[in-house]
Every structure is written in structure tokens, then in C-alpha cells.
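Single-structure report; data block below.
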Amino acid sequence: MNLTIKQMETPEEIEGKSFVHWQTWREAYDDLLPAEFQETMTLERCRFFSQKYPENTLIAIDGMKVVGFISYGNFRDETIQAGEIIALYVLKRLLRKRYCSGVNEGSSDDS
């Protein structure tokens, strides 16, 4: 596996990020949250978020497939000069591998 970390740009990348968001949400929260709530987190809803908020999102790509993403922004308290990770999702099959350690490497303004 060879991961590439990059800005989300193309319609295919937006769709891939949407799927990762939906799939990992289900994997992480199906046993924790009520089924009625889980049913509201649809692929269409994740697609809406991906299309509406594409800025400050880096994706992890393995070959041509999106396998994770990180969304970041300014810290919510404007009196503090810092950044904040808003979302970090990686497909379950990668969690126990060392590959996901690079997902946040490109989120610094210093790069």
C-alpha cells in the first residue's frame, strides 16, 4: 500500500470521501447510537457535506481509491491562535496498520 495525501479536488475524490465518511461512521457508531439516528446518516447526507464543505479537507488515497480523510480549520475560540481537527476518518481495514499514521501530515499551513 502506498498512500498519497492531497487536497480533495475532483468529483471522484468527493464521491470517495463521501463513501469513506458514510462507511466509517457506520462501522464506528452502529453499536453505540440508536438505529433511528444512524438511519439519518446516509450516503447522500455524507455526499452533501463533502460537496458543501470541500475546503480544508485532505484525503488519503491508495492507488485510485480514497481510504481516509481529515478536515481541519481554525480553532473555534478565536482568542486562541491554533488549528483544530474537525473530522478524521479512516477505513476500518486500515486502522491496525501503520499506514494511517500519515493521514494528518499535510494539515499544517507550514507545508
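Where a number appears in this text, it was derived from the coordinates with a stated rule and is not lab data. In this text the structure is predicted, and so the values were computed from the model without any measurement. Don't worry about glycine lacking a Cβ; one is built from the backbone with ideal geometry, like all the others, and counts go over all protein chains shown.
Under a plain spin-label model, where a point goes 7 Å from the Cα along Cα-to-Cβ, how far apart in nm are Phe37 and Ala82?
Each label point is offset 7 Å from its Cα along the Cβ direction, giving 2.6 nm.
Mind checking which aspartates and glutamates have their Cα closer than 17 Å to the Cα of Lys92? Skip sequence neighbours fewer than 8 apart in that chain.
Leaving aside aspartates and glutamates fewer than 8 places away in the same chain, those within reach of Lys92 are Glu27, Asp30, Asp31, Asp62.
Summing Lys, Arg as +1 and Asp, Glu as -1, what charge do residues with Cβ under 15 Å from the Cβ of Glu44 carry, Glu44 excluded? Walk me through the intermediate numbers first.
Details: positive: Lys17, Arg26, Arg45, Arg47, Lys52; negative: Glu15, Glu39.
With Lys, Arg at +1 and Asp, Glu at -1, the neighbours total +3.
At what distance in nm do the modelled label points of Met64 and Phe48 sit from each other, each positioned 7 Å from its Cα along Cα→Cβ?
So the two model labels end up 3.0 nm from each other.
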